[in-house]
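Reading through the structure tokens given below for one structure.
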Amino acid sequence: MPSMPSTPSAPAASVLDLAPVVPVVVVDDAADAVPLARALVAGGLPAIEVTLRTPAALDAIRAIAAEVPDAVVGAGTVISPANVADSVSAGARFLVSPGWTDALLVAMKGSGVPFLPGVSTTSEVVALLERGVSEMKFFPAEAAGGAAYLKSLAGPLPQARFCPTGGISPANAPSYLALKNVGCVGGSWMLPADAVAAKDWARVESLAREASGLV
Ligand code: 3PG
């Protein structure tokens with residue numbers, strides 16, 4: 001399990017080693033990005049994945065990269081080479097995808113930043129290993145078999161390491177983080193929709209602090 005980064009401005013070699021818990025953020029209003037990121041950083045979660053699911057996402061990444069120097073902002077839901085290019089241009093320092101294709105892998109490998117393609121089956125893990133990629137997102141983690149599934153993969157495929165996301169909570173995060181093939185977990189539980197809608201950044205910070213205290 002990784003420790004928190006001591007120098008957030010240094011380039012990361014691996015997404016899995018950035019921080020044990022990576023908040024997965026959906027930003028509807030780019031004006032929320034900076035206070036939201038500051039709350040997460042203050043709560044001990046400096047690695048922040050902004051998903052490319054809203055029109056505000058790239059502006060949010062740009063704002064966090066420019067104004068929250070202690071954050072390591074990345075892009076999530078990266079599903080095309082164009083998403084890769086747009087994310088890196090906006091300042092994303094890591095890339096995460098729920099899946100992968102060969103075209104996406106080529107773009108991610110050429111991006112210059114660490115990346116996690118997504119898998120949910122053993123054959124996808126083997127296919128990524130065959131392509132020289134050993135670090136991946138396991139999605140949707142709970143629906144695809146949970147911690148028991150990842151534990152089972154460590155026997156035949158010990159070289160693969162994962163960031164499980166999808167259905168992770170304070171209750172099940174420790175069982176994932178205890179696995180030797182898990183580097184970090186991702187999730188949105190520290191960003192409840194009602195707190196974000198109310199711009200209740202103190203609550204986000206408090207939930208982030210609880211999340212960072214899980215490890
Ligand atoms: C996602 O891509 O939405 C992440 O996996 C977050 O999942 P969660 O909302 O279940 O934490």
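What follows draws every value from the coordinates through simple rules; no lab data is involved. This is a predicted model, so every value here is computed, not measured. Every residue, glycine among them, receives a Cβ derived from its backbone with ideal geometry; neighbour counts consider all protein chains shown.
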### Task
Could you check the simple spin-label distance between SER169 and LEU129, using points 7 Å along Cα→Cβ, in nm with one decimal?
3.3 nm
### Query
In deg cm²/dmol and to the nearest 500, what is the mean residue ellipticity at 222 nm of the chain if only DSSP H runs of at least 4 residues count, each as -39500 (n - 2.57), divided by the residue total?
-10000 deg cm²/dmol
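Compute the FRET efficiency between LYS199 and ASP70 as 1/(1 + (r/R0)^6), taking r as their Cβ-Cβ distance and R0 = 22 Å, and round to the nearest 0.05. Numbers along the way, then the final one.
Working: r = 20 Å, r/R0 = 0.93.
Here the calculated transfer efficiency is 0.60.
Provide, as a two-decimal number, the C-alpha radius of gyration of the chain over 2.2 N^0.38 Å, N being how many residues it has.
0.93
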### Message
Using only the alpha-carbon atoms, how far is helix 201-212 inclined from the longest principal axis of the chain? Give it as 0 to 90 degrees, nearest 10.
### Response
30 degrees
## Note on the structure
In a Gaussian network model of the chain with springs linking alpha carbons closer than 10 Å, the residue among ALA147, ALA90, ALA202 that fluctuates most is ALA202
### Query
With axes computed from alpha carbons, what is the tilt in degrees of helix 33-42 against the longest principal axis of the chain, rounded to the nearest 10 within 0 to 90?
70 degrees
### Message
Using only the alpha-carbon atoms, how far is helix 57-67 inclined from the longest principal axis of the chain? Give it as 0 to 90 degrees, nearest 10.
### Response
70 degrees
